[in-house]
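Heads up, the thing below is written out as structure tokens.
The values are calculated or read from the model by the stated rules, or taken from the named source; none is laboratory data. Remember, predicted model here, so these are calculated numbers, not experimental data. Cβ placement follows ideal geometry from the backbone for every residue including glycine, while neighbour counts extend to all protein chains displayed.
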Ligand SMILES: Cc1cc2nc3c(=O)[nH]c(=O)nc-3n(C[C@H](O)[C@H](O)[C@H](O)COP(=O)(O)OP(=O)(O)OC[C@H]3O[C@@H](n4cnc5c(N)ncnc54)[C@H](O)[C@@H]3O)c2cc1C
């Protein structure tokens, strides 16, 4: 078993290739100096993009518009069904349409502070800088953002900020933004510059002489194993919250693409940083397979409370004001219900641990709109959140216009991911990672409405430039007949055969549920050293049973969801161990990583900047009982002062 003591630490620190000069000019400096490829030479250069969510679709559309031959892969039956379609509440941008004095610097500051001072300054500044371009791009595509009566784009607030910089399309912002990116991609498909391979799952990345030169994918409809070669590979394969089994992510979201890249040499950064979102519909039973998010935007107008009396028997509408505990408003008067997610989640867990929770198993808190409906009127509230209220009513049979919603935290977003430098390139040359698949911009906690901002900044504006820069220096002599493709395809086939041949009695879903329970309990909203060590032992045991008692139905060379699922669960086991190891090694609390041993007397996260103001990026070690190697990237703060986060 691996543990924190046996994990090795490398003395070699990572070069993030941050351009010199003042922070506000770094990206322009980089752009001015980057190498280009002439239009006539672009059609001969091939780029593979894995993923058609906001990051992948926007990158594919932009790379194809430049003239490259873009090959796009997704496992869904339509690129439009990527998990991004579910994003609800909005996207941030420093445009200051609300005339509050917002700026790039303020968005930068909020993001670094929100991430609890564990993200890279230069990347975050660029993100804030590009945020305004994203809105212009989306509006030009026809994305129907909500508008004010006078016609201007409407904005609202999300957690951790004191301005209204979140642009939204009711509660369906991800869907509308993805339709915009999808239309741009389809235009390129029509021009024959982009090819979309739906129902294909990338199962490995192919390295020729240490450089990413292609992928091995399984056609999920026929079961055929395919080889695809390219000059560069971009992973936009999303996050790994489904390691917890129950999460707000799409059921198919998984870690396979990034994990396979990790096993081929790409370092995996900060895997323990996971976000447990405060506003989800509470779990109702053991056989549930999905948790539903209620957007954070609801905390703009909804008030969070629990009864003050643990033995309260009255229904929420009959409990008078004096007997209600508005715990976020009382504990954090400056930000109230709009504190960042990690803080709101821990506060909800704390009041439930005190016995004040509501609902069948007393793991819920109220999110109450009665005051907003009185103040704004039902029609205005419906205009802002109508589809979310309808969704809640359909799932719970309660009408949030009449009674408060019940909510509880659930796994939602993963800040960790493949380590990338300023150019979004992993430690494998030619292999890039964008969107939720990389670790780059959100530190230890992502602020609401910033994920889509990062996906689209990476996809529309950063990757098209940095991939061009990379390809301008490489030769276009790649072929799938290279022996590296033979070896990688053999490895993929061996793994498939191994799963098919176990011949056991238990379906992958059972093992996944067991793994999720361990992760949620011991590596979830709060962790401690004993629990994490126990988790490592328990994961090892479940993993062993998986490989001796797994049942996979059907055959490998046909449509086989049972095999697809087993492969993803097998990778989740390996990732889960690294998450626990990373959480053990980071002996501090920061953002979404809350170690019970490191907290203030008030129960807030206690950082250790002296020892942990750094990114931990893990190198995979091959072989039985091999231990991963930790590499550090020190984080330097020159444009913001390191401080204890306070939202009081
Ligand atoms: C319910 C919900 C609401 C949200 N609301 C907001 C919000 O209001 N604002 C905000 O900013 N963020 C929000 N988020 C977060 C945001 O939606 C995600 O972080 C973001 O959409 C991730 O986009 P992505 O492009 O990185 O990946 P995804 O959208 O997850 O797309 C991944 C793509 O990769 C493909 N893929 C993965 N693995 C493979 C493989 N091995 N082979 C081939 N293809 C593969 C998939 O098919 C898919 O096309 C929300 C998230 C959820 C779950």
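Restricted to the stretch 336-375, and to residues there that are out of contact with any strand residue (DSSP E or B) (no Cβ under 9 Å at 6 or more places or on another chain), without any contact (Cβ under 8 Å) to a residue 60 or more places away in the chain and in a helix (DSSP H, G or I), the residue that is farthest from residue 400 (Cα to Cα) is 353.
Can you name every residue in the stretch 77-95 that is touching a helix residue (DSSP H, G or I) at 6+ places or on another chain (Cβ under 8 Å), surrounded by fewer than 24 Cβ atoms within 10 Å (Cβ to Cβ) and assigned to a loop (DSSP other than H, G, I, E, B)?
Quick first cut of the stretch 77-95, residues touching a helix residue (DSSP H, G or I) at 6+ places or on another chain (Cβ under 8 Å) only: 79-80, 82, 84-95.
Within this subset, residues satisfying the condition of being surrounded by fewer than 24 Cβ atoms within 10 Å (Cβ to Cβ) are 80, 85-86, 94-95.
94, 95 - these are the residues of the stretch 77-95 that are touching a helix residue (DSSP H, G or I) at 6+ places or on another chain (Cβ under 8 Å), surrounded by fewer than 24 Cβ atoms within 10 Å (Cβ to Cβ) and assigned to a loop (DSSP other than H, G, I, E, B).
None of 277, 262 is surrounded by 21 or more Cβ atoms within 10 Å (Cβ to Cβ), in contact with a helix residue (DSSP H, G or I) (Cβ under 6 Å, 6 or more places away or on another chain) and touching a residue at least 40 places away in the same chain (Cβ under 8 Å) except 277. So for the stretch 225-246 (the condition being modelled with pLDDT of 95 or more, surrounded by fewer than 24 Cβ atoms within 10 Å (Cβ to Cβ) and closer than 30 Å to residue 614 by Cβ), does at least one residue qualify? For the stretch 225-246, residues modelled with pLDDT of 95 or more, surrounded by fewer than 24 Cβ atoms within 10 Å (Cβ to Cβ) and closer than 30 Å to residue 614 by Cβ: absent.
The set of residues in the stretch 194-224 being more than 15 Å from the ligand (Cβ to nearest atom) and crowded, with 21+ Cβ neighbours inside 10 Å consists of 207, 213. Evaluation of residue 119 against the conditions (1) surrounded by fewer than 24 Cβ atoms within 10 Å (Cβ to Cβ); (2) part of a loop (DSSP other than H, G, I, E, B) shows that the sole unmet condition is (1).
Which residue pairs have Cβ atoms under 8 Å apart, sit 6 or more places apart or on different chains, and have a first residue in the stretch 50-76 that is assigned to a strand (DSSP E or B) and a second that is at pLDDT below 95 and within 8 Å of the ligand (Cβ to nearest atom)? Taking only residues 6 or more apart or on different chains, the pairs are 72/79. The residues of the stretch 518-552 that are modelled with pLDDT under 95 and part of a helix (DSSP H, G or I), listed by number, are 520, 521.
If you go through the stretch 139-154 one residue at a time, do you hit one that is outside any loop (DSSP other than H, G, I, E, B) and buried (at least 19 other Cβ atoms within 10 Å of the Cβ)? No.
When restricted to residues that are in contact (Cβ under 8 Å) with a residue 40 or more places away in the chain, over 24 Å from the mean Cα position of the chain (by Cα) and farther than 21 Å from residue 112 by Cα, the stretch 626-648 contains 1. For the stretch 238-253, what are the residues that are in contact with a strand residue (DSSP E or B) (Cβ under 8 Å, 6 or more places away or on another chain) and near the ligand (Cβ under 7 Å from one of its atoms)? Result: 239, 248, 249.
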